[in-house]
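The values are calculated or read from the model by the stated rules, or taken from the named source; none is laboratory data. Everything numeric here is computed off the predicted structure, so don't read it as measured data. Backbone-built Cβ (ideal geometry, glycine too); neighbour counts: all protein chains shown.
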Amino acid sequence: MTLLGPQRAAAGARTAVAEIIPDGPVAAVNAGWRERESDTGELDDVLGGRLVNLELHRRWQQLLDTDPALAEAEQRLADRLDALRTAYRVRLRPALDAVRAVRRQVRDASVAEEADADALAALRALDGWHLARGRQLRVEHQEDVGLARHPAVAQHRSEVAGLLADSAGLVVTGGHVGVLLHVLELFAVADVVTGPVITWSAGAMALAERVVLFHDHPPRGERPPEVHADGLGLYAGVVPFPHARRRLRLDEPERMALLARRLAPSRAVLLPDGARFDLGHGVLPRSAPRLDATGLVGTGVAG
């Protein structure tokens, strides 16, 4: 597994593909681009003219267009997840404010330490509730529509598995992380990946154990980081933050410390432009920048 920073110039991706997948077809998932999924000229160039597009977004739309019952069930799932997300957001800000208020307002050190730990535990429990309920809703959806036995879904899964089996590796690009995660799960990609994987931006987020949405500088109002959903879990112990220097307030250590503590024991790892981290045996390089418990950006390298 290789994690890359955002690919504005694509030079890093081109080099990584040439080194890690030097020969043979390269399967690609760019479903996060949604309607632009077929616009693959630049991506094919990055892959050395060896692109095999798995077309997960097209496959998904084809299923919805040809099966009204499935389309209705998918919309029902989306509506329930939206309602769950609204409930989570309503509770999230007070939970975050409680942790910050305790640290700022309670003067007695022993009382503050105990209250801080309890407030943080409540925040983490809220994140866990959102994950668990979302997971349950998705399982109920799969059972209600008989997804594992759905003939058209099974056909697409078989085709995707065959394309991956005939490819020398897989590339997962960025885009809309929610769409990307949904179609990766729908077509069971995690179950059939065997070769090297190179990913960046939203792709890196979707393949992690947890997907965290974040933007401290949104166009309209502040939006605290949200533990959005389970990821595919193709690598462990890391929550990636692409575009972190543009989207996180890294100059506010207290805010960053809370984010790091909230996600522990997973490490909040920054994926800046041009970054490349090769996870040999699933292990993050010690040089990868991450948020430490003080809210500063450090590495795992001592000294």
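Within the bounds of region 106-120, is there any residue that is surrounded by 12 or more Cβ atoms within 10 Å (Cβ to Cβ) and among the hydroxyl-bearing types (Ser, Thr, Tyr)? No, the conditions are met nowhere in region 106-120. Taking the conditions exactly as written (over 30 Å from GLY24 (Cβ atoms) and modelled with pLDDT of 95 or more), does PRO225 satisfy them or not? So PRO225 passes the test. Residue under question is GLU37, and the condition is that it be surrounded by 17 or more Cβ atoms within 10 Å (Cβ to Cβ) and of a type in the set (D, E, K, R); does it hold? Yes, satisfied.
Here's the yes/no breakdown for (1) within 27 Å of LEU263 (Cα to Cα); (2) over 23 Å from the mean Cα position of the chain (by Cα); (3) free of Cβ contacts under 8 Å to residues at least 24 places away in the same chain:
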| position | (1), (2), (3) |
| --- | --- |
| LEU123 | yes, no, no |
| GLN142 | no, no, yes |
| VAL145 | no, yes, no |
| GLY162 | no, yes, yes |
| VAL172 | yes, no, no |
| LEU184 | yes, no, no |
| VAL189 | yes, no, no |
| GLY195 | no, no, no |
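Comparison of ARG58, ARG50 shows that the only residue that is touching a Pro at 6+ places or on another chain (Cβ under 7 Å) and either among the small types (Gly, Ala, Ser) or at pLDDT 95 or above (or both) is ARG50.
Among the residues here, ARG58 qualifies as surrounded by 15 or more Cβ atoms within 10 Å (Cβ to Cβ), in a helix (DSSP H, G or I) and out of contact with any helix residue (DSSP H, G or I) (no Cβ under 7 Å at 6 or more places or on another chain). The requirement of being modelled with pLDDT under 95, in contact with a Lys or Arg (Cβ under 7 Å, 6 or more places away or on another chain) and not in a strand (DSSP E or B) is fulfilled somewhere in region 234-245, by at least one residue.
With respect to the conditions (1) surrounded by 13 or more Cβ atoms within 10 Å (Cβ to Cβ); (2) touching a residue at least 40 places away in the same chain (Cβ under 8 Å), LEU64 lacks only one, and its number is (2). Every condition in (1) surrounded by 13 or more Cβ atoms within 10 Å (Cβ to Cβ); (2) at pLDDT below 95; (3) of a type outside the set (Lys, Arg); (4) in a helix (DSSP H, G or I) holds for PRO6 except the one numbered (4). Against the test of being free of Cβ contacts under 8 Å to residues at least 40 places away in the same chain, assigned to a helix (DSSP H, G or I) and more than 28 Å from GLY5 (Cβ to Cβ), the options GLU35, GLU72, GLU42 yield a single qualifying residue, GLU72. Take region 182-222 and flag every residue that is assigned to a loop (DSSP other than H, G, I, E, B) and of a type in the set (A, V, I, L, M). Once the filter is applied, which keeps residues that are assigned to a loop (DSSP other than H, G, I, E, B) and of a type in the set (A, V, I, L, M), region 182-222 yields ALA188, VAL192, VAL193, ALA208. Considering each residue of region 132-152 in turn, at least one proves to be over 22 Å from GLN75 (Cβ atoms), surrounded by fewer than 17 Cβ atoms within 10 Å (Cβ to Cβ) and of a type in the set (A, V, I, L, M). Have a look at VAL90, VAL106, VAL102 and point out the one that is over 27 Å from ARG135 (Cβ atoms), of a type in the set (A, V, I, L, M) and without any contact (Cβ under 8 Å) to a residue 12 or more places away in the chain. Going through VAL90, VAL106, VAL102 in turn, the sole match is VAL106.
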